[in-house]
Amino acid sequence: MQQQKRQPELVEGNLPVFVFPTELIFYADDQSTHKQVLTLYNPYEFALKFKVLCTTPNKYAVVDATGAVKPQCCVDIVIRHRDVRASYYGVIDKFRLQVSEQSQRKALGKKEIIATLLPSAKEQQQQKEEEEKRIKEHLAESVFFEQTLCQPENRTASSGPSLLTVFLGVVCVAALMLPTLGEMESLVPLYLHLSVNQKLVAAYVLELSQTCKTALHEENKIQEHLVECS
């Protein structure tokens, strides 16, 4: 009897949730961005039911905020920004996607998605380019400083994610953006349409790469702190 009770039990809140994208950006001057799509993937052998929560539900309209996902399938969740005004520029809102088994009420897993309204896509692109330029200049100065003042034996390991990690992340994002098999209204050639299982693998690898990047970032912060304290 005890074994029968333990077998179907899953730990509450520990189930990984695979969603793409993990950040929504709306632009006030581009109405095409006022409608965003979240894709929820279910790589498990059992069906999941989901619920979408929001910190500011009055600003958004969520189509099918609750529903179910069959095993090894995915579902699209449409989110519309319905209150575009200047006072909301730069304000960060959060969506929470909770999943559970269809036969249970407790949430087995959750994922938070950040949503931001920006005034202009062009201005954002310019700011991004300027920020990238500043980062490159800062990195160049840092490399020059290390080469001239630091001894080789005192150098730490690479401070950023490896090229392989970055490459895998880019490939996975590109794979998730490609059409799914069965979609007829698409200009993308048929041989580039991916199956649901292939997109599930891409979502899983992307989740792992993001976890590794976060761990490296935290490790670098600790190393910088240790250098300063010494």
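Values computed for the structure shown
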{"read-out": "Pick from region 69-81, criterion closer than 15 Å to Leu38 by Cβ and free of Cβ contacts under 8 Å to residues at least 40 places away in the same chain, ranking: surrounded by the fewest Cβ atoms within 10 Å (Cβ to Cβ)", "value": "Asp76"}
{"read-out": "Test: Leu149 is modelled with pLDDT of 70 or more, open to solvent by 70 Å² or more (accessible area, probe 1.4 Å) and not assigned by the TED database to the domain that holds Arg96", "value": "no"}
{"read-out": "Meets criteria (modelled with pLDDT of 95 or more and out of contact with any Lys or Arg (no Cβ under 9 Å at 6 or more places or on another chain)) for Asp30", "value": "no"}
{"read-out": "Yes/no for Lys199 being at pLDDT below 65 and charged (D, E, K, R)", "value": "no"}
{"read-out": "Cβ pairs under 7 Å, 6+ apart, first in region 82-109 and free of Cβ contacts under 8 Å to residues at least 60 places away in the same chain and among the hydrophobic types (A, V, I, L, M, F, W, C), second surrounded by 13 or more Cβ atoms within 10 Å (Cβ to Cβ) and assigned to a loop (DSSP other than H, G, I, E, B)", "value": "Val84/Ala28"}
{"read-out": "Flag for Glu101 being of a type in the set (D, E, K, R), in contact with a strand residue (DSSP E or B) (Cβ under 9 Å, 6 or more places away or on another chain) and crowded, with 16+ Cβ neighbours inside 10 Å", "value": "yes"}
{"read-out": "Sole exception among (1) surrounded by 13 or more Cβ atoms within 10 Å (Cβ to Cβ); (2) out of contact with any Phe, Trp or Tyr (no Cβ under 7 Å at 6 or more places or on another chain); (3) at negative phi for Cys54, by number", "value": "(2)"}
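The values are calculated or read from the model by the stated rules, or taken from the named source; none is laboratory data. Everything quoted here is computed from the prediction, not taken from an experiment. Glycine gets a Cβ as well: all are built from the backbone with ideal geometry, and neighbour counts include every protein chain shown. Side chains included, ligands, DNA and RNA excluded: accessible areas come from the protein's heavy atoms. Shrake-Rupley method; radii C 1.70, N 1.55, O 1.52, S 1.80 Å.
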